[in-house]
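**Q** Provided herewith is a single structure, encoded as structure tokens, for subsequent inquiry.
Read-outs throughout are calculated quantities, based only on the coordinates presented, and are distinct from any laboratory measurement. Keep in mind the model is a prediction, meaning the values are calculated, not measured. So basically every Cβ, Gly included, is an ideal-geometry build from the backbone, and we count neighbours across all protein chains shown.
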């Protein structure tokens, strides 16, 4: 085959690949061009089982979503839940295109967000191993000789994230796009350990019927409460502090009258 023909084939492949990327990019942008009523508040419907399921019609609403739906109804605010990709989430909150999201507290986020004061839920990031694994984790150094499973987009704690980046440079991290895949890689011994939110892994393990094949280690990467937040650039919530105070009051009421615990229990969560 002549060099000219070979070059022509490479150019055709490059053109097709580039066209594919352009189409994929614009498909993503179009997918988040949310059409809502002018006064409807937009709330991110995260993909974070068992708290949110990104509007998946084959899944339950999610524990946190059920609680917020009650509170939005009781306070009379028109809110629409819509999934926003994680790579666009921060930017859309920063410019006010998205009004609401649930976050743990980080001081740097206060530049663009108002925080509620009543925790919606709490979760911990922990290491998971196979049920018969002898691995014990007492410090970050104990991860040194292990292949770690990491869910794309999760930031954990600053200290662990910095450690993880060093491990990635060594080729000792397998980044996955779903917890189902992460659990599968763990059980099939493609990775030694998987770090994720405890409630999320237990949810997926139960759905997959593999609860007896994994165990959680008693090493806390990060435990945090999660709160409803309002974008400081939101044009639909005229008084964010008043809005959050009403939602906080509602959440406290649900905790007091038992409805909060009932909802959490449906998702295997004990609070």
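**Q** Going by C-beta contacts inside 10 Å, put 89, 98, 58 in order with the fewest on the left.
**A** 58, 89, 98
**Q** Classify the chain as rounded, prolate or oblate, taking a ≥ b ≥ c as the square roots of the eigenvalues of its Cα gyration tensor: rounded when a/c is under 1.5, otherwise prolate if a/b is larger than b/c and oblate if not.
**A** Values: a/c = 1.99, a/b = 1.19, b/c = 1.67.
Note, shape of the chain comes out oblate.
**Q** Which shape class applies to the range 123-222: rounded if a/c is under 1.5, otherwise prolate when a/b exceeds b/c and oblate if not, where a ≥ b ≥ c are the square roots of the Cα gyration tensor eigenvalues?
**A** Rounded, since a/c falls under 1.5.
**Q** Along the Cα→Cβ direction, 7 angstrom out, place labels at residue 255 and residue 211. What is the inter-label distance in nm?
**A** Here the answer is 2.6 nm between the modelled labels.
**Q** So how do 230, 79 line up by other beta-carbon neighbours within 10 Å, fewest first? Don't skip to the end; give the middle numbers.
**A** Numbers: 230 25, 79 20.
Fewest-to-most ranking of 230, 79: 79, 230.
**Q** Find the relative contact order for the range 102-196 and round it to a whole percent, using C-alpha pairs within less than 8 Å whose residues are 6+ positions apart.
**A** Working: 87 pairs, mean separation 36.3, N = 95.
Result for the range 102-196 is 38 percent.
**Q** Compute the distance in nm between two label points, each set 7 Å from the Cα along the Cα-to-Cβ direction, one at residue 155 and one at residue 265.
**A** Each label point is offset 7 Å from its Cα along the Cβ direction, giving 3.6 nm.
**Q** Separate question: By DSSP, what percent of the beta bridges with both residues in the chain are antiparallel, rounded to the nearest 5?
**A** 65 percent
**Q** Run through the DSSP bridge list for the range 123-222 and note the antiparallel percent, rounded to the nearest 5.
**A** Antiparallel bridges: around 55 percent, rounded to the nearest 5.
**Q** What is the range 194-255 by shape, rounded, prolate or oblate, if you read a ≥ b ≥ c off the alpha carbon gyration tensor as root eigenvalues and call it rounded for a/c under 1.5, prolate for a/b larger than b/c, and oblate otherwise?
**A** Details: a/c = 2.92, a/b = 2.61, b/c = 1.12.
Note, shape of the range 194-255 comes out prolate.
**Q** Arranged from highest to lowest average of other beta-carbon atoms within 10 Å per residue, in what order do the peptides 260-266, 169-175 appear?
**A** Descending packing order for the listed peptides: 260-266, 169-175.
**Q** Ok, one more. Once every DSSP H run of n ≥ 4 in the chain is given -39500 (n - 2.57) and the sum is divided by its residues, what mean residue ellipticity at 222 nm do you get, rounded to the nearest 500 deg cm²/dmol?
**A** Rounded to the nearest 500, the figure is -13000 deg cm²/dmol.
**Q** Treat each spin label as a single point 7 Å out from the Cα along the C-beta direction, and report the residue 239 to residue 122 distance in nm.
**A** Result: 3.2 nm between the two label points.
**Q** Counting other beta carbons within 10 Å of each residue's own, what order do 196, 80, 66 fall into, fewest first?
**A** Ordered from fewest to most neighbouring Cβ atoms within 10 Å, 196, 80, 66 come out as 80, 66, 196.
**Q** Can you give me the relative contact order of the chain as a percent, contacts being Cα pairs under 8 Å and 6 or more apart?
**A** 27 percent
**Q** Rounded to the nearest 0.05, what FRET efficiency is calculated for residue 115 and residue 189 with R0 set to 35 Å and r the Cβ-Cβ distance?
**A** 0.25
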